[in-house]
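The values are calculated or read from the model by the stated rules, or taken from the named source; none is laboratory data. Treat the numbers as computed from the prediction; the structure is a model and nothing was measured. Only protein heavy atoms, including side chains, enter the accessible area calculation; ligands, DNA and RNA are left aside. Shrake-Rupley method; radii C 1.70, N 1.55, O 1.52, S 1.80 Å.
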Amino acid sequence: MKVLKNKIAVVTGASQGIGRAISISLSKEGCTLALIARGKEGLDKVANEILAFGGKVEVFPCDVSDFKKVAEILKNIETQFGQIDILVNNAGLGTFKPLDITSFEETIQPVMLPLGSAMVACQTVIKGMINRKSGHIVNLTSPAGYFPLPNMVPYTAARYAIVGMSLALYEELHDKGIGVSLLCPGHVNTGYFERNDASMDWYPKIAKMFPTIEPEVVGAKAVYAIKNDKREVIFPTILWFIVRYFQTFPASSLWFLKFTGLFKSSK
């Protein structure tokens with residue numbers, strides 16, 4: 001999808017952080033934005049930023065763990081705008097702690113967000129995309145989607161599932177004219193840890209390996225992935241290299257992570 005002007009783009013988790021940055025980046029490319037998140041106040045703030053530079057935007061407050069509501073809102077967006085050209089599945093949460101001290105809610109929430117909401121959103125929009133033989137889906141994951149990280153089992157399981165879902169969707173839809181991109185940034189400066197009872201203190205050595213990425217970089221990468229029909233975008237470069245090495249040599253990589261203490265918790 002080389003030209004994004006006048007495309008209808010839906011972004012979940014759009015009220016802050018990565019979702020906000022992707023929404024603004026797409027708007028600056030000329031997309032009309034439909035923003036979805038739980039908090040209307042945050043959505044309105046992002047919408048006002050977009051309106052300030054002449055962008056087009058509507059907000060749709062929704063708890064995306066309510067899957068029927070997600071499907072309903074997406075259908076309403078299609079009715080209002082005529083179609084959905086771009087879907088960005090960004091909503092997500094999760095705590096970092098051993099499973100035995102994780103509550104029932106903390107165990108199931110990372111499955112509902114991002115996996116459940118993303119699956120429902122994809123299923124809702126792809127029929128129209130297939131009929132038009134056009135469209136693009138962007139799915140957000142994290143390094144936990146590639147490495148079997150202890151002390152964050154529900155979060156890791158959901159992020160692994162997002163990787164599988166996105167790559168399988170690519171194979172299913174690409175020959176039908178629909179792009180599917182998996183976006184995996186490293187540590188992004190979003191305030192996620194403060195909001196989700198999560199801390200990289202579980203992995204202090206790993207935290208020091210990667211530079212902190214600003215959300216605007218992720219926004220630019222999302223635009224790049226859509227315009228260039230990228231199946232998978234992993235960044236920064238050091239993360240891409242480590243992921244590819246792990247995929248090629250999983251046993252030796254795990255041994256190295258344990259031997260060097262990179263998997264060792266400070267808690």
For segment 210-267, what Kirkwood radius comes out of the mean inverse Cα-Cα distance, in Å? 13.6 Å
Translational D (Stokes-Einstein, µm²/s) of segment 65-121 at 37 °C and 0.692 mPa s when Rh comes from the Kirkwood sum over C-alpha pairs? 257 µm²/s
Using modelled amide H (1.01 Å from N, peptide plane; none on Pro or chain starts), what sits under 5 Å from the amide H of Val188, excluding residues fewer than 5 places away? Ile213
Scattering curve values for the chain, log₁₀ I(q)/I(0), Debye with Cα scatterers, q = 0.09, 0.10, 0.14, 0.15 Å⁻¹: -0.39, -0.48, -0.95, -1.08
Check cross-link reach from Lys2 to the lysines: straight Cα distance under 25 Å, and skip same-chain residues fewer than eight apart. Lys28, Lys56, Lys127, Lys133, Lys176, Lys221, Lys227, Lys230
Given segment 142-186, report the % of alpha carbon pairs whose separation exceeds 11 Å. 64 percent
Asserting the computed 222 nm helical MRE of the chain (DSSP H runs at least 4 long, -39500 (n - 2.57) per run, divided by residue count, to nearest 500) equals -15000 deg cm²/dmol
Taking only protein heavy atoms into account and a 1.4 Å probe, give the accessible area per residue of the chain in Å². 47 Å²
Rounded to the nearest percent, how much of the accessible area of the chain (1.4 Å probe, protein heavy atoms only) is carbon and sulfur? 58 percent
According to the Kirkwood expression over distinct Cα-Cα pairs, how big is the hydrodynamic radius of segment 88-185, in Å? 13.9 Å
